[in-house]
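Step one of this worksheet: look at the structure below.
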Amino acid sequence: MIGGGITGLAAAYRLRELAASREMPLEVTLLERSAHLGGALESIRREGFIFENGADSFLAEKPEARELVTRLGLEAELIRTRAEFRRTMVVRGGRLVEVPEGFSLMAPARLGPILASELFSPLGKLRIALEPFIPARRDGSEESLASFVTRRLGREVLDRVAQPLAGGIYTADPERLSITATMPRFVEMERRYGSVCKGLRAVERARGAAAKGDSGARWSLFLSLRSGVGAIPAAIAAKLGGSIRSATEVRSIERQGDFWRVHFDGGASEVADAVICAAPAFAAASILGAANGRLAKCLGEISYASAAVANMAFREADFPTPPKSFGFVVPIAERRRIIAGSLSSLKYENRAPAGFITARAFVGGVLQNEMMRQSDDDMIAAVRDEFRALLGISAAPQIAIVRRWPDSMPQYVVGHLARVAEIERLAAQIPAFALAGAAYRGVGIPDCIRGGEAVAEKIIAQVSEGR
């Protein structure tokens, strides 16, 4: 198992589960080049604070993460977002303006909140109201996020909401980001209902009907863990124990008869019956270069963006006005030096001692890559400048931590799904081998877990059959 991010850990753990259920002798070795396990899932506990250096939550509607948490015995740790702060702000003209109620990433389910919002101009509101009357696109060709949103809802929605909300998830350029690869449900809504707004209203009605008949616990849209999402990789690592080798870099793999030979940095090598590679696509390309040049070339064509997270702890008294939301996103048109700001201890309980608020800012991405060239001190200074301008915080943070994630976010550009289909076709021709990870069919925690567990099931079936 190459790669100790959440994908590789989930795959290794699933292999263990399947082998145990089938009473099958199986030795799993997980190889991670760094000393850190879990990839972008990294929680820091310091002086009563919990800081998330990467992802801080996962979607509740995708079951894979929640199910894995349950199997790990961590279900009691699950927490939902704090209801009183469940609103998102967007920077508009240097001020924080609330995203209208019912707005889902790029489109509204209801027109009323749009008409009352100061986020859009009168012409922008009129353009949104016309969306149900815009003819659906029927040619089936792939489209960028920018093209899709502009065509259906107008340029204001792209610039003021869709780019910072949707594009920000991928730290991407919306002019290149594939709508089909990243947000296919909106494409399906246009196909099925002829309108994204009509589709969102249909989804709202269906959810309302389901809620009336549901007497069980209902989760918020996002979930986390009381001790931080880093508890998930930590729990898997504890169960895998001595099967994990951190600070171990794989240089290459080659097929030798019915086995794989795995070559490590320094010249050592080992044999394996099967290999799962959950390293980033560019690392997988390097590892596979000698084994399959064509596959390596396809993998190398997937580009990545770099980003950083700045965590800070403030006293509540440092805020001139008590914050009332999870945080805010920043359109690139605002020409600021952060992508978004999040008030972590307002989003989830147990993130800060009484009298304090934890906050974090996201920096970098494709559209602001120059920020990654700054030192940690300069990055914190830039974040403080933005927080002073947007939130009125002039006090220095009690704690400030910068975590850089170089080449961490795969870019799902137009053409991504065709490239992934070719990668999967080529990988399927290689015996006892599989690829998984955020580079292919989803960057979220549930997506990565689903991909890791799927290849684990595929590989154990092949090993069982002696292939």
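Structural remarks
- Near the amide H of Phe222, within less than 5 Å, lie the amide hydrogens of Ala60, Thr81, all on another chain or at least 5 residues away, with H placed in the peptide plane.
- Amide hydrogen proximity for Ser269: with H placed 1.01 Å from N in the peptide plane, the residues at 5 or more positions away or on another chain lying under 5 Å are Phe264.
- Axis angle, to the nearest 10 degrees, between helix 184-193 and the longest C-alpha principal axis of the chain: 60 degrees.
- For the chain, the antiparallel share of DSSP beta bridges with both residues in that region comes to about 80%.
- Computed over the chain, relative contact order equals 25 percent, with contacts defined as Cα pairs under 8 Å that lie 6+ residues apart.
- Each of Ala202 and Asn369 was given a label point 7 Å from its Cα along the Cα-to-Cβ line. The distance between the two points is 4.0 nm.
- Against the compact-protein benchmark of 2.2 N^0.38 Å, the Cα-based radius of gyration of segment 8-144 scales to 1.59.
- For the peptides 344-354, 84-94, the ranking by packing is 344-354, 84-94, with the highest mean count of neighbouring Cβ atoms within 10 Å listed first.
- Near-label residues of segment 135-171 by backbone N, under 18 Å of a point 7 Å along Cα→Cβ of Leu123: 150-161
- Three-way shape call for segment 101-211 based on the alpha-carbon gyration tensor, with the a/c threshold at 1.5: rounded
- For Leu30, distant residues with modelled amide H under 5 Å away: Ile244, Arg245
- Both numbers refer to the Cα atoms of segment 304-410; Rg and Dmax are 13.5, 40 Å.
- Distance violations [Cα-Cα > 27 Å] among Lys62/Lys198; Lys62/Lys297; Lys62/Lys125; Lys239/Lys297: Lys62/Lys297; Lys62/Lys125; Lys239/Lys297
Read-outs throughout are calculated quantities, based only on the coordinates presented, and are distinct from any laboratory measurement. Predicted model, so just to flag it, every value in this text is computed and none were measured. A quick note on method: Cβ atoms are made from the backbone with ideal geometry, for glycine too, and the neighbour counts reach across all protein chains shown.
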